[in-house]
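Just so you know, all these numbers are worked out from the coordinates, no wet-lab data involved. What you are looking at is a predicted structure, and each value in this text was computed from that prediction instead of being measured. A quick note on method: Cβ atoms are made from the backbone with ideal geometry, for glycine too, and the neighbour counts reach across all protein chains shown.
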Amino acid sequence: MNKKELVEKGESQDLEFKESLRLKEKKVVMIEVRESQEKPVFFKNHAYKRVGKKNHRISSNELRKLAKESGERVYWDERVCEEASLEDIEEEKVKTFIMIAKEERNLRIGENIPTKEVLRKLKLVKEDKLTNAGVLLFGKEPQRFFTQSEVRCARFKGDEAVKPFVDMKVFGGDIINQVDKALNFTLEHIPKSVWLIPGRPEREEKYLYPPDAVREAIINLNLNERQKKAVEFIKTEKKITRSEYEKMFCISERTANRELSNLVKLSILNKTGKGPNVCYELTKISPNLAKSRQKEGANIK
């Protein structure tokens, strides 16, 4: 790292450069690191605390405890991904999402709006920086930033999850693409009956388990308990409002809006109405759009 890069790196980290001095005929630069006003301190998506002269990584349990003590909630998906930039976003993924959202949920976003503005409207950008959710949804290579963000699918010989595998695959990419690939993998290993109907050229097919139910089960792996219960509630009551969601789980309006918006982004719920009449219903994906999305996902490497 040359002098210019060192200075630029230091300024971005709020470091203060002191006067240089000579030590044993070598020129040494003194750097003062100011105490951060925001605690805990995050680096590469992990929280740290200072104990004596050492930095210690904070466990998830301790992080939740600190959040409760401060009276604020720490939402990982809303946090800025410091290492990512808009260049890490795949614009075609954003365009595909807008196309589907317009047809299924009447999303009001123009086709020629810049990608950055679309991300801002979806609340996936904070102060011109991508959030973790933005990277996971539309990133070119989300695993560059989150190595653990992958789906591992396996089929075993019996009822117990023990080796050897009959088949096993690991799917990376964005989370929407992961759901599509995991669904395709699962359907490949589900028994399917096929029959011909006299007078019709095409054959009829029926899976042992409904594909919609399989897809829902895969998506539910990424939902919290409140969101799962809300989906079950909508199956019975047909819809839910933000205030109902808020009262049902005794949470804040901000949390309710955030969790319902996430369900909309994942194409689980459809937002209808305006103002006080806004409600959320289960999304029904048309066959043509489902095939289109799977085709788009298959083309993303």
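Which of S261, S243, S267 has the fewest other C-beta atoms within 10 Å, and how do the rest follow up to the most? Before the final figure, lay out each step's value.
Values: S261 17, S243 12, S267 21.
Starting with the residue having the fewest Cβ neighbours, the order is S243, S261, S267.
Counting other Cβ atoms within 10 Å, keep those with at most 13, restrict to DSSP loop, and tell me which trypsin sites (Lys or Arg not before Pro) in segment 188-238 are left.
Answer by residue number: K238.
Subtract the Cα-Cα distance of E141 and N224 from 0.36 nm times their separation in residues, and report this length gain in nm to one decimal. Don't skip to the end; give the middle numbers.
On the way: separation 83, 0.36 × 83 = 29.88 nm, distance 2.49 nm.
The span from E141 to N224 would gain 27.4 nm if fully extended.
Between K49 and F165, how many nm apart are label points set 7 Å from Cα along the C-beta direction?
3.9
Would you mind getting me the FRET efficiency between N112 and W76? Use the beta-carbon distance for r and R0 = 41 Å, nearest 0.05. Don't skip to the answer; put the middle values down first.
Values: r = 33 Å, r/R0 = 0.79.
The value I calculate is 0.80.
Place +1 on the Cβ of every Lys and Arg and -1 on the Cβ of every Asp and Glu in segment 151-299, take the dipole about the Cα centre, and give the residue among V264, N277, Q227 whose Cα lies farthest towards its positive end.
Farthest towards the positive pole: N277.
Please arrange F185, F138 by counting, for each residue, the other beta carbons lying within 10 Å of its beta carbon, fewest first. Could you put the intermediate results ahead of the total?
Values: F185 18, F138 27.
Lowest to highest Cβ neighbour count: F185, F138.
With a Förster radius of 51 Å, plug the Cβ-Cβ distance of T241 and E25 into 1/(1 + (r/R0)^6) and report the FRET value to the nearest 0.05.
Values: r = 73 Å, r/R0 = 1.44.
The computed FRET efficiency comes out at 0.10.
Give me T283, T272, T147, T96 sorted ascending by neighbouring Cβ count inside 10 Å, so fewest comes first.
With the sparsest Cβ surroundings first, the list reads T147, T272, T283, T96.
Quick check: residue separation of K126 and N184 times 0.36 nm, minus the Cα distance between them. What number comes out in nm?
Result for the pair: 17.4 nm of gain on full extension.
Give me the extension gain from L208 to E103: residue separation times 0.36 nm, minus the current Cα-Cα distance, reported in nm with one decimal. Could you put the intermediate results ahead of the total?
Details: separation 105, 0.36 × 105 = 37.80 nm, distance 2.99 nm.
Separation in residues times 0.36 nm, less the Cα-Cα distance, equals 34.8 nm.
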